[in-house]
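Asker: First the structure, then my questions, so here it is.
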Amino acid sequence: QVQLVESGGGLVQAGGSLRLSCSASGSIFSVNAMGWYRQAPGKQRELVARITDGGSTDYADSVKGRFTISRDNAKNMVTLQMNNLKPEDTGVYYCNTEFRLYSWTSLTSYWGQGTQVTVSS
């Protein structure tokens with residue numbers, strides 16, 4: 001089955017940096033887009049950053065200029081470099097992948113299990 005393996009979460013002081021990585025594995029024909037979403041306690045999950053297979057990106061306004069998303073299409077891997085972290089960045093970060101199992105199947109998506117990011121003041 002398809003699996004998303006996330007790494008890089010942890011505890012960091014405000015102003016510090018973390019780098020999140022997510023790799024999609026399994027029998028996948030193609031990956032169209034990959035992204036990172038986050039959810040704080042009691043709040044709705046929100047988009048942090050997203051990147052298509054063609055390299056176009058989208059960022060939440062709150063992270064523009066601080067976060068950078070990139071990907072390696074050959075490895076089905078996406079990374080999120082997070083700089084100048086703030087306490088309000090704290091939350092569970094989830095990797096999401098849009099993909100096709102076969103060329104004739106429709107586009108679907110898969111979520112990672114989530115990784116905790118905690119930014120202390």
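Asker: Output wanted: per-residue J couplings in Hz (rounded whole) for the stretch 67-83, from phi through Karplus 6.51 cos²θ - 1.76 cosθ + 1.60, θ = phi - 60°, x for Gly and Pro.
Answerer: Each residue's phi maps through the Karplus curve to give 10, 9, 9, 8, 8, 10, 4, 5, 9, 6, 10, 10, 10, 10, 8, 10, 10 Hz.
Asker: Further question on the same structure: Sum up the charges of everything whose Cβ sits under 10 Å from the Cβ of residue 79, counting Lys and Arg as +1 and Asp and Glu as -1, but leave residue 79 out.
Answerer: +1
Asker: Where Lys and Arg each count +1 and Asp and Glu each count -1, what net charge lies around residue 12 among other residues with Cβ under 12 Å from its Cβ?
Answerer: +1
Asker: Continuing with the same structure: Please give me the summed charge of the neighbours of residue 34: other residues whose Cβ is under 12 Å from its Cβ, Lys and Arg +1, Asp and Glu -1.
Answerer: Within the 12 Å Cβ shell, the charges total -2.
Asker: Could I ask something else about it? Pull out the extension gain between residue 53 and residue 109, defined as 0.36 nm times the separation in residues minus the alpha carbon to alpha carbon distance; nm, one decimal.
Answerer: 18.8 nm
Asker: Select from 53, 89, 61 the residue whose mean-square fluctuation is largest in a Gaussian network model of the chain (Cα-Cα springs shorter than 10 Å).
Answerer: Maximum among the listed residues: 61.
Asker: Apply the Karplus curve 6.51 cos²θ - 1.76 cosθ + 1.60, θ = phi - 60°, to the phi angles in the stretch 49-56 and return the couplings in whole Hz, x for Gly and Pro.
Answerer: 7, 8, 9, 8, 5, x, x, 6
Asker: In whole Hz, what ³J(HN,Hα) sequence does the stretch 85-99 give by Karplus (6.51, -1.76, 1.60; θ = phi - 60°), x for Gly and Pro?
Answerer: Result, ordered by residue: 5, 10, x, 5, 7, 4, x, 8, 9, 10, 8, 10, 10, 9, 7 Hz.
Asker: Which whole-number value in Å² is the accessible area per residue of the chain, probe 1.4 Å?
Answerer: Details: 6450 Å² over 121 residues.
Here the per-residue accessible area is 53 Å².
Asker: Moving on. Grab the Cα-Cα distance for residue 74 and residue 14, subtract it from 0.36 nm times how many residues apart they are, and report the gain in nm with one decimal. Please report the intermediate quantities before stating the final value.
Answerer: Working: separation 60, 0.36 × 60 = 21.60 nm, distance 3.39 nm.
Going from the current span to full extension adds 18.2 nm.
Asker: OK, next. So what is the relative contact order of the stretch 1-68, in percent, for Cα pairs below 8 Å that sit 6 or more residues apart?
Answerer: On the way: 79 pairs, mean separation 14.5, N = 68.
With pairs under 8 Å counted, the relative contact order is 21 percent.
The values are calculated or read from the model by the stated rules, or taken from the named source; none is laboratory data. All values reported here derive from a predicted model rather than from experimental measurement. Counting neighbours? That spans all protein chains shown, and the Cβs are built from the backbone with ideal geometry, glycine included. All accessible areas refer to the heavy atoms of the entire protein, side chains included, with ligands and DNA or RNA removed. Shrake-Rupley method; radii C 1.70, N 1.55, O 1.52, S 1.80 Å.
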